[in-house]
Every structure is written in structure tokens, then in C-alpha cells.
Amino acid sequence: QKEVEQNSGPLSVPEGAIASLNCTYSDRGSQSFFWYRQYSGKSPELIMFIYSNGDKEDGRFTAQLNKASQYVSLLIRDSQPSDSATYLCAVRAAGGGNKLTFGTGTQLKVEL
Amino acid sequence: DAGVTQSPTHLIKTRGQHVTLRCSPISGHKSVSWYQQVLGQGPQFIFQYYEKEERGRGNFPDRFSARQFPNYSSELNVNALLLGDSALYLCASSLLGDGNQPQHFGDGTRLSIL
């Protein structure tokens, strides 16, 4: 079992729709959860981070965390073509310092 | 403010050579972490440095080493390069080293081994 799992996609959504990206993790002691966006040929860019169970909203983005189910998701409302990218889920374990364990990423395509 | 800066942006080496990659963190950030990203995969943790001390090491061979300087900049060294070392090398900085602050990545160094 991979430590952090994501569906590689591609996930295709029409412009203006809600894109839902999911991530599961295996270490129940994980404490911090991050979503990065990576355009092709570029480096990862931090989108959201969440530490506590529940929802965290920032503009069009909402991160959802359910520690009991070991599940974290990212919702993108009113999806735009510029949102087309690979979204990386990253998890930090307890006592792991700054070490982040990444999933392989989900490719999102927002179609006109 | 400048973000995380890495140099060089691209590098081509041959098998057996060594390479030094450099990173300057965001001003005020004291922790630097290094990651390797192979095409089609997520970044993989190599090292973390905080206050010039190694605070974490990933599953990489001893050919990989790093250090952090008093100004919090960092170098990643890779000896005896192999074809499999071809990847994007990413540096990330954060304010502290306890994992409670988000990490921000530089643009990376793309290393190609011939």
C-alpha cells in the first residue's frame, strides 16, 4: 500500500463546474496535509494546507480532512481552464520534521 | 520579497561525475528541504536542514549529501552520478523546522545525466 494515494486521472471537468480531488493516506499519525498545484514543467505551488478535521476554505478552494477515514480532499469551485494542472497531495507525519510524503498527483483538465 | 531561488536551472552531466546544486530560502526562513522529482511521480524527500543541522534524511544512498550555511542557504551534492539521478531537484523552505509551517518550493534544477 502506498503511503499517499491519489487517482492519477486525468480528471476532466467543464469550465465553471466543481472539481473534486481526493487523497488517502496510510499513516494514522499524520498531522498536516497540503495541496500543491504543479503546471507542466514547473515546480509545485502551495494551494492549501489543513491540520484539523473539517473544512478550510480559501477563495475558490476548499480543503476537507477526515482523519478517522484517513482521507483529504480538495474542491475547486467555478473551475477555470487555468486550473488545468497536476494536483499533488502531501502529508507530514507526526515527528517527521518537515518531511512531506507526496502522492503521484491527479491531472486535472478543465474544458471549455 | 524574493521566493526560494535555486541554481543552476538546468544541468547536464555524465555518469560518474559529481554535481552541486544551490538553494537560497525565502528571507527569514530557517529550514531548507530537498526533494527529487522524477517525471510522472511526486517529489521524494531527500534531506531537511534547520539551523544548519540535518533534521531528516530520506531513503537515498550516501552519494547524496547536503549542508546548510550560516545564512540558511543550502547545497545538495551528488557524487558518482547515475542515469537514474536524472530528475528535477527541488528545494523548499519554511520558517521553522517543526513541520507546522507550509513549505514553499523554488523553481528547481533540472538535472540530466548522459
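The values are calculated or read from the model by the stated rules, or taken from the named source; none is laboratory data. This structure is a prediction, so every number in the text was calculated from the model and none was measured. Because the Cβ atoms are built from the backbone with ideal geometry, glycine has one as well, and the counts that use them run over all protein chains shown.
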Could you say which residue among B:85, B:107, B:62 is at pLDDT 95 or above, buried (at least 20 other Cβ atoms within 10 Å of the Cβ) and of a type in the set (D, E, K, R)?
B:85
Being aliphatic (A, V, I, L, M), assigned to a strand (DSSP E or B) and either more than 10 Å from every other protein chain (Cβ to nearest Cβ) or under 21 Å from residue B:17 (Cα atoms) (or both) is the filter here; which residues of the range B:55-106 pass it?
B:66, B:76, B:78, B:87, B:88, B:90
Please enumerate the residues belonging to the range A:87-112 that are part of a strand (DSSP E or B) and facing chain B (nearest Cβ under 9 Å).
A:88, A:89, A:90, A:92, A:93, A:100, A:101, A:102
Total residues in the range B:19-37, condition surrounded by fewer than 23 Cβ atoms within 10 Å (Cβ to Cβ), among the hydroxyl-bearing types (Ser, Thr, Tyr) and closer than 15 Å to residue B:107 by Cα:
1
Let me confirm something: among A:62, A:106, which residue is buried (at least 17 other Cβ atoms within 10 Å of the Cβ), hydroxyl-bearing (Ser, Thr, Tyr) and in contact with a Phe, Trp or Tyr (Cβ under 9 Å, 6 or more places away or on another chain)?
A:106
Quick check on this structure: which one of B:40, B:16 is surrounded by fewer than 16 Cβ atoms within 10 Å (Cβ to Cβ), at positive phi and within 10 Å of another protein chain (Cβ to nearest Cβ)?
B:40
Out of all the residues in the range A:8-45, which are out of contact with any Lys or Arg (no Cβ under 8 Å at 6 or more places or on another chain), within 24 Å of residue B:35 (Cβ to Cβ) and in a strand (DSSP E or B)?
A:21, A:22, A:23, A:24, A:25, A:35, A:36, A:37, A:38
Given (1) closer than 18 Å to residue B:106 by Cα; (2) more than 11 Å from every other protein chain (Cβ to nearest Cβ), residue B:52 misses just (1)
